[in-house]
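All remarks here apply to the structure that follows.
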Amino acid sequence: MSTITSDIIDDIISQVIAESNLAECPTCAQNHVRPFSYDAANDLVSFGASRVGVVAPSCPPKYEMARWIDHTILKPDTTLEQIEKICEEAREHKFASVCINPTWVSTCYKLLRGSDVKVCTVIGFPLGATLPEVKATETRQVINQGAQEVDMVINIGALKSGDLALVEHDIRSVVRAAGRQTVKVILETCLLTDEEKVSACVIAKKAGANFVKTSTGFSSGGATVTDVALMRKIVGAAMGVKASGGVRSYDEACKMVEAGATRIGASASVAIVSNGSSEKNDY
């Protein structure tokens, strides 16, 4: 298996920028876009990515955008009244899911019964620093209570320490515990180098996850168009990409979709599918 080198990452990022018409990173040492390297792509595929490709769909109209959105509330002080409200909004607008903390899974399952809105919850949230066995147990418990999708936070410290075997074991433990339910892997991209983002995407795909996701919404930054495009480039077309954190308007959601996102995580979901934007109020 090949090792991901800085040259490989550089080539892939250059192609992402070129194909997505993105501005070059102002803090990057290089100020030009290099041509795509097929050798770099082949090395990346041999590392574990099934293919290297970009998906650039057109943005859906507002009335269709709802089905792309996980209507989210993950604040620690969330009340039953707020849970009832987001479930009502999710039914009304036909959002893809409600994304809530594990303690609310059974409540949302009952409130959403008979609708097409799924119950999504979070695992190892928001730090990702719990043991793989704990994440697996948490996953089994929430699925037994009605969760249909789980968004797990990777072991960020293990990734940054280069312990890729532990990162894979961590993700695979949740995937196995989830059975046939959807698993999204939260990378917390604001804390990662580009090489670490690529490694995390490749490992998530190898471990059998269904999506990679940018952010928890609880760290120093959220989704960026560049990160979404890079993640899409690495995982190819067969895996989902979820942009979360800081998406508060229809225009912002469109930019993420056009960069390759197939799901949006937002607390401003109603504003996104109606007229206007929301003030900062992540999760």
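Any residue at all in the range 108-117 that is of a type in the set (A, V, I, L, M), in contact with a Cys (Cβ under 7 Å, 6 or more places away or on another chain), more than 19 Å from ARG263 (Cβ to Cβ) and touching a residue at least 12 places away in the same chain (Cβ under 8 Å)?
Looking through the range 108-117, at least one residue is of a type in the set (A, V, I, L, M), in contact with a Cys (Cβ under 7 Å, 6 or more places away or on another chain), more than 19 Å from ARG263 (Cβ to Cβ) and touching a residue at least 12 places away in the same chain (Cβ under 8 Å).
Being more than 23 Å from ALA66 (Cβ to Cβ), crowded, with 23+ Cβ neighbours inside 10 Å and touching a residue at least 12 places away in the same chain (Cβ under 8 Å) is true for just one of ALA238, ALA229, ALA207, ALA266. Which residue is that?
ALA229
Counting only residues that are part of a loop (DSSP other than H, G, I, E, B) and under 14 Å from ARG67 (Cα atoms), which one in the range 94-129 is nearest to the chain's Cα centre (by Cα)?
The selected residue is ALA96.
Scan the range 207-237 for residues that are closer than 20 Å to GLN148 by Cβ and among the hydrophobic types (A, V, I, L, M, F, W, C) and report the count.
Within the range 207-237, residues that are closer than 20 Å to GLN148 by Cβ and among the hydrophobic types (A, V, I, L, M, F, W, C) number 4.
For the range 201-227, give me each residue that is at negative phi and touching a Phe, Trp or Tyr at 6+ places or on another chain (Cβ under 6 Å).
The answer is VAL202, and nothing else.
Does ASP251 satisfy being of a type in the set (Asp, Glu), outside any loop (DSSP other than H, G, I, E, B) and either surrounded by 18 or more Cβ atoms within 10 Å (Cβ to Cβ) or within 12 Å of the chain's Cα centre (by Cα) (or both)?
So ASP251 fails the test.
If the Cβ limit is 9 Å and pairs must be 6+ apart or interchain, which residue in the range 162-183 that is at negative phi pairs with which residue that is among the polar types (S, T, N, Q) and surrounded by fewer than 19 Cβ atoms within 10 Å (Cβ to Cβ)?
ALA177/THR137
Name the helices (runs of 4 or more DSSP H) wholly within the range 140-238 that hold at least 2 residues that are of a type in the set (Lys, Arg)?
So the answer is 164-178, 194-206, 225-235.
Please count how many residues of the range 54-93 are part of a helix (DSSP H, G or I) and closer than 15 Å to ALA261 by Cβ.
The qualifying residues number 5.
Out of the range 60-81, which residues are of a type in the set (D, E, K, R) and touching a Ser or Thr at 6+ places or on another chain (Cβ under 8 Å)?
Matches in the range 60-81: LYS62, ASP70.
A short reminder: the numbers here are calculations on the coordinates, not readings from a lab. No experiment lies behind these values; they were computed from the predicted model shown. Cβ coordinates were reconstructed from backbone atoms using ideal geometry, including for glycine residues, and neighbour counts include every protein chain displayed.
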